[in-house]
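Taking it in order: structure first as structure tokens, then the write-up.
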Amino acid sequence: MSNTANPSLLASLRLSKAMMLARRGKWREAEVAITNGNTEFTDAYTLEAVAALVTSEGDYVRALKLWEQLQRLDPDNTEARRMVPAIELWLTRPGWAPYFPYIVGTLAAAVLAIFLYITLSGPAYVPIHHPAAVSSANPVENGGALNASSAANSPKAEPVAAPTPIPIVSFPTAATPAKKHTTH
């Protein structure tokens with residue numbers, strides 16, 4: 001390109017090349033593409049782009065210096081006024097703060113596991129024999145099969161032996177010959 005090219009067009013081309021490199025994780029190459037190798041920033045546009053890139057990279061100490069430099073260069077820059085206190089707050093947090101969600105999640109999972117262990121590993125279910133439930137669930141009384149409501153409502157009972165048969169009593173009738181009584 002010639003030196004007579006539009007400066008804003010060149011800056012836009014450098015920024016789009018830098019964005020492509022940053023998406024690939026090539027942070028230093030992206031920074032070089034924006035700055036064109038310069039370390040002194042005279043315009044707020046380039047300085048803001050580099051500060052945003054360094055912030056995205058995660059180098060918060062360096063990013064804070066760049067945002068403060070941008071705030072001195074352009075005191076009305078809203079992004080610099082927003083980023084300086086945000087990064088300062090981020091840098092003053094305790095070292096364990098990024099792991100706080102993981103700590104809370106682990107504790108919640110542990111409490112849930114203990115609760116489920118206690119709940120599900122209690123004493124085994126021991127059926128209580130209720131005479132009414134046993135007689136209604138008796139297959140002999142129900143024609144050889146359990147009905148759905150008695151099976152669902154009755155506790156799980158052990159199999160019940162068939163009841164002893166009722167003795168059959170027969171009475172003499174006219175068709176039955178009468179016994180002869182003998183006197184002695």
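Here, each number is a calculation from the coordinates, and none is a lab measurement. Owing to the predicted nature of the structure, the values given are computational and were not obtained by experimental measurement. Here the Cβ positions follow ideal geometry from the backbone for every residue, glycine too, while neighbour counts run over all protein chains shown.
Across region 27-37, what is the total count of residues that are under 13 Å from L10 (Cβ atoms), out of contact with any Ser or Thr (no Cβ under 8 Å at 6 or more places or on another chain) and not aliphatic (A, V, I, L, M)? Result for region 27-37: 1. Kindly indicate the residue of region 77-114 that is among the β-branched types (V, I, T) and closer than 16 Å to T55 by Cβ and also surrounded by the fewest Cβ atoms within 10 Å (Cβ to Cβ) among those meeting that condition. My answer is T78.
Residues in region 92-109 that are assigned to a helix (DSSP H, G or I) and not β-branched (V, I, T): A97, P98, Y99, F100, P101, Y102, G105, L107, A108, A109. For region 21-47, a tally of residues being assigned to a loop (DSSP other than H, G, I, E, B) and surrounded by 14 or more Cβ atoms within 10 Å (Cβ to Cβ) returns 2.
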